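These notes are about the structure you will find just below.
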Amino acid sequence: ERWSVEHGGDSQFTTRFVFQENNGACVARNRGLSESRGEFIQFLDDDDLLGPQKLALQVKYLDLHPECDMNYSATFTIGDASKTPNRSNQPVDRDTALRCLVRSHFFNNICPVFRRSTCNRAGPWHEEMATCEDYEYYARLLCLGTTFAYVPQAECFIQSYEQLRERRSFGGEPGRQKDYYRSRFIHLDCLWGYLPDDLKKHASWRKAIAKELLAVSKELLLLGDADLGTKGLSLSRAIGRGTSYAPMLLFFAILT
């Protein structure tokens, strides 16, 4: 509201508030996409900050490079005076970014700016995921052949990793743990489905995804989700078949 008042006389900006029941980040982002009208899309979570020139620099780059579908900025941790770079502070190719997305994220939600056509091609955020939805969304984008670039002069700021670790410690709540591991299963299941055939043929890719699925399935079984845990185990064995990881999968299957 304060920002809206400060920029109320600026013809470049129109601010609209859209209120809805809290149904999670993915539902909110999808609503934002459907309500927005601009050519470019920037997501902004409640605990992140845009640098003052971030949008201008990234939009200018997209204007000058029509072949580029999205670009991403340098990302720093809030309160870190040394500006220690995060993983997304480097130019990489699709394969490197995708490998990061097997276990974690490469693009923090705040750092990319998208063309609207890119978001339309990707489709909506996965609303069944309670967390880790960014892993799935960016893996989907990259597997669709989305082209991207790094704009190092543009900057944004995210919460500290200590806060993130505290938030993901689950506070002893089994329900939150189940939500996390179910979301991780959805992400890995989707990633395997999205992965281009040329990458599926590589043993290193199958091994990496099978290994993550095995770890997630184990946690789901321990948390009492036998259906999803068993499904994950079967998928992990199928993906890992023919790789050096297969004997370990068989050993875990015997134990369970």
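The values are calculated or read from the model by the stated rules, or taken from the named source; none is laboratory data. This is a predicted model, so every value here is computed, not measured. With ideal geometry, Cβ positions are generated from the backbone for all residues, glycine too; neighbour counts draw on all protein chains shown. Side chains are part of the model used for accessible areas, which takes the heavy atoms of the whole protein and leaves out ligands, DNA and RNA. Shrake-Rupley method; radii C 1.70, N 1.55, O 1.52, S 1.80 Å.
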Residue list for segment 212-241, filter: surrounded by fewer than 19 Cβ atoms within 10 Å (Cβ to Cβ), more than 13 Å from ARG182 (Cα to Cα) and charged (D, E, K, R): ARG241
Taking the stated definitions as given, is ASN71 in a strand (DSSP E or B) and either in contact (Cβ under 8 Å) with a residue 12 or more places away in the chain or under 30 Å from ALA210 (Cα atoms) (or both)? yes
Scanning segment 8-26 for residues that are part of a loop (DSSP other than H, G, I, E, B), open to solvent by less than 100 Å² (accessible area, probe 1.4 Å) and not acidic (Asp, Glu) gives GLY8, GLY9, PHE13, THR15, VAL18, GLN20, ASN23, GLY24
Filter result (farther than 15 Å from LEU144 by Cβ and surrounded by fewer than 16 Cβ atoms within 10 Å (Cβ to Cβ)) within segment 177-207: LYS200, LYS201, HIS202, ALA203, SER204
ARG94 vs. criteria modelled with pLDDT under 95, within 17 Å of ASP69 (Cβ to Cβ) and either open to solvent by 20 Å² or more (accessible area, probe 1.4 Å) or among the basic types (Lys, Arg) (or both): yes
Selection within segment 97-131 - among the β-branched types (Val, Ile, Thr) and either more than 11 Å from the chain's Cα centre (by Cα) or open to solvent by 20 Å² or more (accessible area, probe 1.4 Å) (or both): VAL113, THR118, THR131
